[in-house]
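Reviewing the structure listed below.
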Amino acid sequence: MYAARPRVQVDLPLILTASQLEEQHKLSFWDALVVEAARRAGATRLATEDLKGGRLIGGVRIENPFL
């Protein structure tokens with residue numbers, strides 16, 4: 001089941017883009033890395049309780065599944 005899902009390679013461009021998102025959107029680096037990895041994998045929505053729901057970051061809509 002998980003093997004069929006898209007995988008994202010952590011590489012220098014991913015890290016640099018995440019660093020830009022971190023600065024632009026006032027995110028922690030790790031949250032920015034998750035958002036950018038989701039975008040690279042083709043996601044348009046990201047379910048997380050760690051970020052404010054309703055935000056659009058890098059083309060990915062953040063959703064809090066507990067609200």
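The values are calculated or read from the model by the stated rules, or taken from the named source; none is laboratory data. Bear in mind the structure is a predicted one, so any value in this text is a computation, not a measurement. Ideal geometry is used to build each Cβ from the backbone, glycine not excepted, and the neighbour counts take in all protein chains shown. When the accessible area is computed, the model is the full protein with side chains, heavy atoms only, and any ligands, DNA or RNA have been set aside. Shrake-Rupley method; radii C 1.70, N 1.55, O 1.52, S 1.80 Å.
A compact table of results
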| item | result |
| --- | --- |
| Gain on full stretching of the segment that runs from Q9 to R61 - 0.36 nm per residue minus C-alpha separation | 16.6 nm |
| Where a label projected 7 Å from the Cα of T48 along Cα→Cβ would reach, residues of the stretch 2-25 with amide N under 20 Å | 5-25 |
| Solvent-accessible heavy-atom area per residue, rounded to whole Å², over the stretch 9-67 at 1.4 Å | 66 |
| Mean residue ellipticity (222 nm) of the chain, computed from DSSP H runs ≥ 4 via -39,500 (n - 2.57), nearest 500 | -12500 deg cm²/dmol |
| Rg in Å to one decimal, and Dmax rounded to a whole Å, for the chain via C-alpha atoms | 11.8, 35 |
| Within the accessible area of the chain (1.4 Å probe), percent carbon and sulfur | 55 |
